[in-house]
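Visitor: Handing you this structure, nothing more for now.
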Amino acid sequence: MSSTLKKYENFLVKNVSTISTLESSLRSVTWFLPGRFKDADLASEGLSAILHVSSMYHDTLLARVVQSDPHWKPILPTPLHTRYTRAWSDKVTLYKWAARSLELIRFTQLLVEMLLRRKVSDKNRWRGIVFLETVKMILRFTLLKVTTRPLLSPPIPERDIDPASMPPSSTHTSPTLAPTSPSPSSPPTPDHLKNNHIPLQPNALMLTPAPPARADTSVEDYLLPKALTTSSVKPSMLLMKPMSSPLEWVSECIYIIRPLVYASMLSTKKHEGKALVTAFAMELISRSLRRMPSHSADLEREEYARRDRDILWYLLRGSVWETYSRPKVEAVVEKTANTPILGILSSLVKDWIPLVDEYYYYTAP
């Protein structure tokens, strides 16, 4: 088994550009499958889950290959999210496996729901959803206990290397990877220039003085993007400040248990109508209790900005979706159905509307 895995890893490194292109192409196909044939939604989500899981493994392998090769280093600085999550994954084994397990569930949860909907009753389907949300909550609390900091999404390093531009071996050059040491010898002189002793006459363009610099370009404008920030020199694990006050802990705990409360209320007919209001209220309470990050806490500010943007997903949930959002989306689809180019987009949206109605994890928090 280990030899087979080693052969696959060698095959991946040698054909990384082709595999990356194939992943991107197949991921685009999944957007067009729903509504095309029977169980097309299941086939689309199954393909999407396989691609996400394989990409997670490929990202781990490519990062290990780059880190183990002393002759190559990235030219562009590593993103803050990647620095932070990779530092915790490398130092704390519990964080690494809890984060990977959480992402694995996130990649496959919709596929599991589709299978449950086809095989078991609706009551048992909701039991499966509540079980998944319980496991995710436990994993998030594990990450919170390990880091004592607000959780990031995703909790694993994202792909910060372009696989298509990785060198096939250490003897080749790459546009995004720079050799750590220059070549020991200068390139040889071409044969057709070895006996050329006649000096080359300068071109008229070479004698023309350079145009004056643009008036709106200053030294500060050039140097400011290249200046080091506070986050650039901080240790990776300190890019996020630990939580100190009880209100900060309460805010993060409410944010973590919110999806489980929402799914549990939807699973019971008695509290189904109050589920959306309860989850939205918990979202607002968590937002009001969380701390205000400083201007230098770039990573924390990015995470809170993402959480604020996710509030828009409530337009696609529960009674808001049924009474407000869906009628408006259907009206736009009907108006653009016969419009060139927009008609293709409207047909895709029309095929996805029933999926939002039927499955919880399409718009789940």
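The values are calculated or read from the model by the stated rules, or taken from the named source; none is laboratory data. Given the structure is predicted, the values throughout are model-derived calculations rather than measurements. Neighbour counts are summed over all protein chains in view; Cβ atoms, including those assigned to glycine, are modelled from backbone coordinates with ideal geometry. Note: accessible area is taken over every heavy atom of the protein model, side chains too, but ligands, DNA and RNA are not part of it. Shrake-Rupley method; radii C 1.70, N 1.55, O 1.52, S 1.80 Å.
Visitor: Restricting to the range 285-312, count the residues that are surrounded by fewer than 14 Cβ atoms within 10 Å (Cβ to Cβ) and hydrophobic (A, V, I, L, M, F, W, C).
Guide: The number of residues fulfilling the criteria is 4.
Visitor: If you go through the range 305-335, how many residues are hydroxyl-bearing (Ser, Thr, Tyr) and in contact (Cβ under 8 Å) with a residue 24 or more places away in the chain?
Guide: 2
Visitor: Which members of the range 128-151 meet the condition of being open to solvent by 40 Å² or more (accessible area, probe 1.4 Å), touching a helix residue (DSSP H, G or I) at 6+ places or on another chain (Cβ under 9 Å) and farther than 29 Å from residue 297 by Cβ?
Guide: Matches in the range 128-151: 134, 135.
Visitor: Further question on the same structure: Mind checking which residues of the range 22-35 are out of contact with any Pro (no Cβ under 9 Å at 6 or more places or on another chain) and part of a helix (DSSP H, G or I)?
Guide: 22, 24, 25, 26, 27, 28, 29
Condition check ((1) of a type in the set (S, T, N, Q); (2) free of Cβ contacts under 8 Å to residues at least 24 places away in the same chain; (3) assigned to a helix (DSSP H, G or I); (4) within 15 Å of residue 129 (Cα to Cα)) across all residues:
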{"position": "237", "(1), (2), (3), (4)": "no, no, yes, no"}
{"position": "243", "(1), (2), (3), (4)": "no, no, no, no"}
{"position": "247", "(1), (2), (3), (4)": "no, no, yes, no"}
{"position": "259", "(1), (2), (3), (4)": "no, no, yes, yes"}
{"position": "262", "(1), (2), (3), (4)": "no, no, yes, yes"}
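Visitor: Aromatic (Phe, Trp, Tyr) and surrounded by 15 or more Cβ atoms within 10 Å (Cβ to Cβ): does that describe residue 84?
Guide: yes
Visitor: Among (1) hydrophobic (A, V, I, L, M, F, W, C); (2) surrounded by 15 or more Cβ atoms within 10 Å (Cβ to Cβ); (3) in contact with a helix residue (DSSP H, G or I) (Cβ under 8 Å, 6 or more places away or on another chain), there is one condition residue 66 misses while meeting the rest; what is its number?
Guide: In the conditions (1) hydrophobic (A, V, I, L, M, F, W, C); (2) surrounded by 15 or more Cβ atoms within 10 Å (Cβ to Cβ); (3) in contact with a helix residue (DSSP H, G or I) (Cβ under 8 Å, 6 or more places away or on another chain), residue 66 misses (3) alone.
Visitor: Do we have any residue at all in the range 70-78 that's charged (D, E, K, R), without any contact (Cβ under 8 Å) to a residue 12 or more places away in the chain and surrounded by fewer than 18 Cβ atoms within 10 Å (Cβ to Cβ)?
Guide: Looking for residues that are charged (D, E, K, R), without any contact (Cβ under 8 Å) to a residue 12 or more places away in the chain and surrounded by fewer than 18 Cβ atoms within 10 Å (Cβ to Cβ), one finds none in the range 70-78, hence no.
Visitor: Quick check on residue 362: is it hydroxyl-bearing (Ser, Thr, Tyr) and within 24 Å of residue 134 (Cα to Cα)?
Guide: Yes.
Visitor: Against the condition touching a residue at least 40 places away in the same chain (Cβ under 8 Å) and under 22 Å from residue 277 (Cβ atoms), how does residue 352 come out, does it pass?
Guide: no
Visitor: Separate question: Since residue 275 meets every condition but one in (1) more than 29 Å from residue 79 (Cα to Cα); (2) surrounded by fewer than 19 Cβ atoms within 10 Å (Cβ to Cβ), which condition does it not meet?
Guide: (2)
Visitor: In addition: Only one of these is of a type in the set (D, E, K, R) and within 25 Å of the chain's Cα centre (by Cα): 59, 39. Name it.
Guide: When all the criteria are applied, what remains is 59.
Visitor: Can you find a residue in the range 2-25 that is of a type in the set (D, E, K, R), surrounded by fewer than 15 Cβ atoms within 10 Å (Cβ to Cβ) and closer than 20 Å to residue 361 by Cα?
Guide: no
Visitor: If you check 282, 240, which single one turns out to be modelled with pLDDT of 65 or more, surrounded by 15 or more Cβ atoms within 10 Å (Cβ to Cβ) and in contact with a Leu (Cβ under 7 Å, 6 or more places away or on another chain)?
Guide: 240
Visitor: Moving to a separate point now. Given the residues 303, 283, which is the only one that is over 30 Å from residue 124 (Cα atoms) and part of a helix (DSSP H, G or I)?
Guide: On inspection, the qualifying residue turns out to be 303.
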